[in-house]
Each structure stands twice: as structure tokens, then as C-alpha cells.
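J.: Could you have a look at this structure, given as C-alpha cells, before my questions?
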Amino acid sequence: MALTSLFCLVAPLFVETADMHWFNVTIAVNIMLYYVYLLQQFTKRDPLTKLLNRQTYYSDAEKYINDVTAVITMDMNGLKEINDSEGHVAGDTALKALADCFWKAAHKKGQRVYRIGGDEYVILCIGSGEDDVKSLIERIRAEVSETPYTCSIGYAMKSKGSTIDTLYYQADEMLYEEKKEFYVKTGKTRQRKK
């Protein structure tokens, strides 16, 4: 598409013809295709964090069902407290800060980051071994430690017969064990979503 647009912009400089109808049509079609592309990209992203959204997660889970080797789940600690004490704008700022951390940490190909709701995030790891997954989690913890926020993390590796749903459930269980430890250590109250 880009090459066609470039050609149509440069061609009139070298071709002298009275009928430039094809030029105008090509540019109009390219603009329309680009607009459709932008709309498609917009619908795949979470508007607050710019990460991939829940619908894209479902779509990718089906698309990569045989290629996903691990699922990582992340959940912010203390979002309700931030919303209640500092307001929802502060909560949104916290969610964006964590999303940036997750995106920066998941820099390898095949590590797709999603915000699936509220303060819940997921990474689908495609073709990643357990060492890669543990390394990713370490990078996430390092990035998050640079912020005033914390999160709990869980992961599950694919084994024979496991589905993405079972991996998600196993990772979520690990996450909630970590979250329980966080709230015991800090003495804060905890609201479990399940």
C-alpha cells in the first residue's frame, strides 16, 4: 500500500497525461484502506493503556492455541485503595504505569501483553521456554520496582493436554497466592475478585 501511494505521488512528475483519473482513484483507495487499518488497530487496543484488549486476547488465544507455551497473569495490588483515597484519575495513572512496565519487559517476539479488565493483565508467551518466562517475570518485577506501585504475578507452563484456559486458571491461582502474601505482609485489606 505504501509503495502504491508513493508511486502515485511520484508518477505525475514523470508522466504527462491529461487523464489523471487513475491517480486520484488510487490515492482515494489507499486512504480508505489506511483508515480501515487504523480502525482495526484501534479496536484491538485498550483505550487507557494502549495494550491489546480482552477481545484481542480471546482472538489470539484461538489463533495461537497450539503455539502458546505459557500464560502469565498480573494483577495490581491496592488499586481500590488508590481509587478510594486519591481518586480514579490516580488509579488510571497507576494502571497506565503498570501497563508501560509490562510492555517494556515483554520485548521479545512472541510475548503478547493484554489488559483484560480492571487491573488484570495477561501475557501469552508463544514459543517461550520456562527460563524465558522466568526471565520475563524478573524484568517485569524490575520495571515495576521503579514505580510506586506493586503487582502480583502468576504463570503456568503448557504441558500435555493443557489448554489456554487451564493455563490461565493455574497462573491465576499462583497469582492469588502471591497476592494473599502481599496483603498479609502489608496488613492491608484484600478484596478477592473471584
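J.: If you scan the range 51-104, which residues turn out to be out of contact with any Asp or Glu (no Cβ under 6 Å at 6 or more places or on another chain), open to solvent by 30 Å² or more (accessible area, probe 1.4 Å) and charged (D, E, K, R)?
T.: Within the range 51-104, Arg54, Glu62, Lys63, Asp67, Lys80, Glu81, Asp84, Glu86, Asp92, Lys96, Asp100 qualify.
J.: Name, by its number, the condition in (1) modelled with pLDDT of 95 or more; (2) loosely packed, with under 12 Cβ neighbours inside 10 Å that does not hold for Arg192.
T.: Going through (1) modelled with pLDDT of 95 or more; (2) loosely packed, with under 12 Cβ neighbours inside 10 Å one by one, Arg192 breaks only (1).
J.: A further question follows. So which strands (runs of 3 or more DSSP E) are wholly in the range 97-165 and hold at least 2 residues that are more than 12 Å from the chain's Cα centre (by Cα)?
T.: Fully inside the range 97-165 and qualifying: 150-157.
J.: Kindly indicate whether Thr163 is among the polar types (S, T, N, Q) and in contact (Cβ under 8 Å) with a residue 60 or more places away in the chain.
T.: yes
J.: Within the range 129-162, can you find the residues that are at pLDDT 95 or above, open to solvent by 60 Å² or more (accessible area, probe 1.4 Å) and hydroxyl-bearing (Ser, Thr, Tyr)?
T.: Selection gives Ser145 alone.
J.: Still on this structure, please answer the following. Would you check if there is a residue in the range 129-139 being within 30 Å of Ser85 (Cβ to Cβ) and either without any contact (Cβ under 8 Å) to a residue 12 or more places away in the chain or in contact with a Ser or Thr (Cβ under 8 Å, 6 or more places away or on another chain) (or both)?
T.: Within the range 129-139, not a single residue is within 30 Å of Ser85 (Cβ to Cβ) and either without any contact (Cβ under 8 Å) to a residue 12 or more places away in the chain or in contact with a Ser or Thr (Cβ under 8 Å, 6 or more places away or on another chain) (or both).
The values are calculated or read from the model by the stated rules, or taken from the named source; none is laboratory data. Worth saying up front: this structure is predicted, and the values here are computed from it rather than measured. With ideal geometry, Cβ positions are generated from the backbone for all residues, glycine too; neighbour counts draw on all protein chains shown. Side chains included, ligands, DNA and RNA excluded: accessible areas come from the protein's heavy atoms. Shrake-Rupley method; radii C 1.70, N 1.55, O 1.52, S 1.80 Å.
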